[in-house]
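Following: one structure in structure tokens, then a few remarks.
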Amino acid sequence: MKIEEIEYFRLDMPLAVPYTIAYETVSHTSNIILKLVTDTGITGWGCAAPDMTVTGERPEDVIGSIDMVIKDMLMGRNPFRIARITHDLKKVLPHASSAMAMVDMALYDTMARKAELPLYQMLGGFRNAIPTSITIGILPLGETLEQAKKHLKDGFTILKLKGGLNLSEDIEKVLKLREQLGKDFILRFDANQGYTFEQSVTFIDRIQSANLEIIEQPTSQQKDERLGQVTQAVSVPVMADESIKTLKDAFRLARNDRIDMINIKLMKMGGIFESQHINSVAKAAGLEVMVGCLDESALGISAGLHFALSRANIEFADLDGHLDLLDDPFSGLFHLDSGILRPSDTPGLGPIRC
């Protein structure tokens with residue numbers, strides 16, 4: 001089997017409701033969609049969700065990578081040689097993780113379609129469903145409570161609250177969520193690097209009664225030692241997100257006992273192939289693993305879902321980046337019911353009608 005055609009297009013999608021996190025407000029997203037066509041007629045699809053803060057790329061950068069590098073590197077090659085293709089691309093695109101993830105995704109999709117298996121089964125197939133959290137951005141208290149009520153009414157059982165801009169308001173929101181909505185849901189908190197060490201400790205101390213499951217990236221990604229200090233000082237598991245973008249990052253933080261958990265996002269890691277290595281580091285170090293996402297079409301979310309389902313030690317998912325996107329053509333790749341994600345039983349990443 002050889003790749004004989006390469007196509008791509010830019011997918012600009014507004015969000016139904018813009019959201020705010022500690023370092024930005026997001027109202028739209030741009031994904032780059034890659035389609036590989038083989039000489040057997042089998043096609044594979046991939047998605048890049050470039051983000052300057054997370055991946056260091058703009059949509060134009062991904063398109064440039066396709067035109068100047070990826071097309072020449074992939075044309076005529078066997079998609080099953082993913083280790084070699086990944087190795088060769090990383091030499092030329094060392095700082096293009098979402099572009100790498102896009103290619104990786106398309107190669108795995110092609111292979112699974114050839115194997116006539118859903119991708120998660122080809123990758124290992126440990127489970128066939130996983131609950132996802134749904135995110136509430138930084139909003140006034142009243143709007144936060146209203147969104148939380150809506151999500152719980154829709155069947156979600158895991159809420160992820162964004163914060164990091166105002167410590168006292170964050171504390172109040174967490175306590176009010178428990179006070180008004182009860183304890184029959186899981187609550188996670190993501191500060192997106194917004195806190196100092198002292199603020200992180202104060203936050204956890206003040207919300208002890210709320211039974212928080214996870215605090216995600218409370219301090220700056222530039223300060224490993226601060227993140228480690230928080231981990232040692234608090235009782236709630238500390239998860240690294242922005243601090244881990246490479247295999248070396250995962251090894252460094254694990255070796256120095258800086259964290260309890262890792263958030264693996266295919267877009268920042270460069271795809272499934274590299275994420276498998278990072279997951280192995282986490283498993284060896286006894287770190288729990290979540291698979292997260294950026295603002296990705298359902299195509300990107302499907303890849304994250306299939307990866308999450310493939311390994312026993314991946315027990316957490318935050319795969320809601322597609323839910324507020326308008327004009328997403330990749331619906332139907334998986335099923336979401338009462339907060340539980342289930343893949344399609346069709347080959348690859350699911351049925352694509354685009």
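Using alpha-carbon pairs under 8 Å, 6+ residues apart, how would you state the relative contact order of the chain in percent? Can you show the working numbers first?
Numbers: 784 pairs, mean separation 70.5, N = 354.
Here the relative contact order equals 20 percent.
Computed on alpha carbon atoms, what radius of gyration and Dmax characterise region 283-324, expressed in Å?
11.0, 36
In deg cm²/dmol, rounded to 500, what helix-only [θ] at 222 nm does the chain give when every DSSP H run of at least 4 residues adds -39500 (n - 2.57) and the total is split over its residues? It would help to have the intermediate numbers written out before the result.
Details: 13 runs with 133 residues, N = 354.
So the helix-based figure for the chain works out to -11000 deg cm²/dmol.
Take the residue pairs 2/248; 149/283; 150/223; 223/268; 183/283; 114/283 and return only those whose Cα atoms are more than 25 Å apart.
2/248; 149/283; 150/223; 183/283; 114/283
Using 1/(1 + (r/R0)^6) with R0 = 45 angstrom and r between the beta carbons of residue 257 and residue 68, what's the FRET efficiency to the nearest 0.05?
Result of the calculation: an efficiency of 0.60.
Relative to the longest principal axis of the chain, what angle (0 to 90°, nearest 10) does the C-alpha long axis of helix 197-206 take?
60
Relative to the first principal axis of the alpha-carbon coordinates of the chain, what is the inclination of helix 82-92, with its axis defined by its Cα atoms, in degrees from 0 to 90 and to the nearest 10?
Tilt of helix 82-92: around 80 degrees.
Measure nothing but the geometry: give the 0 to 90° angle between the long axis through the Cα atoms of 167-181 and the longest principal axis through the Cα atoms of the chain, rounded to 10°.
Between helix and principal axis, roughly 90 degrees.
Sorted from largest to smallest, which semi-axis lengths in Å does the alpha carbon gyration tensor of region 40-184 give for its equivalent ellipsoid, taking the root of 5 times each eigenvalue?
Working: eigenvalues 331, 92, 24 Å².
Output for region 40-184: semi-axes of 41, 21, 11 Å.
When the chain is fully extended, how far beyond the present Cα-Cα distance does residue 143 get from residue 84, taking 0.36 nm per residue of separation? Intermediate values should be presented prior to the final figure.
Numbers: separation 59, 0.36 × 59 = 21.24 nm, distance 4.93 nm.
The span from residue 143 to residue 84 would gain 16.3 nm if fully extended.
Counting other beta carbons within 10 Å of each residue's own, what order do 87, 277 fall into, fewest first? Before the final figure, lay out the partial values.
Details: 87 11, 277 14.
Going from sparsest to densest Cβ surroundings: 87, 277.
Given points 7 Å out from each Cα along the Cα-Cβ axis, report the residue 126 to residue 247 separation in nanometres with one decimal.
1.9
Report D for region 237-354 in µm² per second (integer): Stokes-Einstein, Kirkwood Rh on Cα pairs, 10 °C, 1.306 mPa s.
Values: Rh = 14.7 Å.
Translational D for this selection: 108 µm²/s.
Using only the alpha carbons of the chain, determine the length spanned along each of the three principal axes and report them from longest to shortest in whole angstroms.
Principal-axis extents of the Cα atoms in the chain, largest first: 61, 41, 36 Å.
Please state the relative contact order of region 3-116 as a whole percent: Cα pairs under 8 Å, 6+ residues apart? Walk me through the intermediate numbers first.
Numbers: 188 pairs, mean separation 34.2, N = 114.
Result for region 3-116 is 30 percent.
As a test of the definition: which semi-axes, in Å, follow for region 3-116 when you take the square root of five times each eigenvalue of its alpha carbon gyration tensor? Largest first, please. Before the final figure, lay out each step's value.
Values: eigenvalues 147, 49, 27 Å².
Semi-axes, largest first: 27, 16, 12 Å.
Coordinate-derived values only; no laboratory data. Since the model is a prediction, treat every value here as computed from it, not as a measurement. A quick note on method: Cβ atoms are made from the backbone with ideal geometry, for glycine too, and the neighbour counts reach across all protein chains shown.
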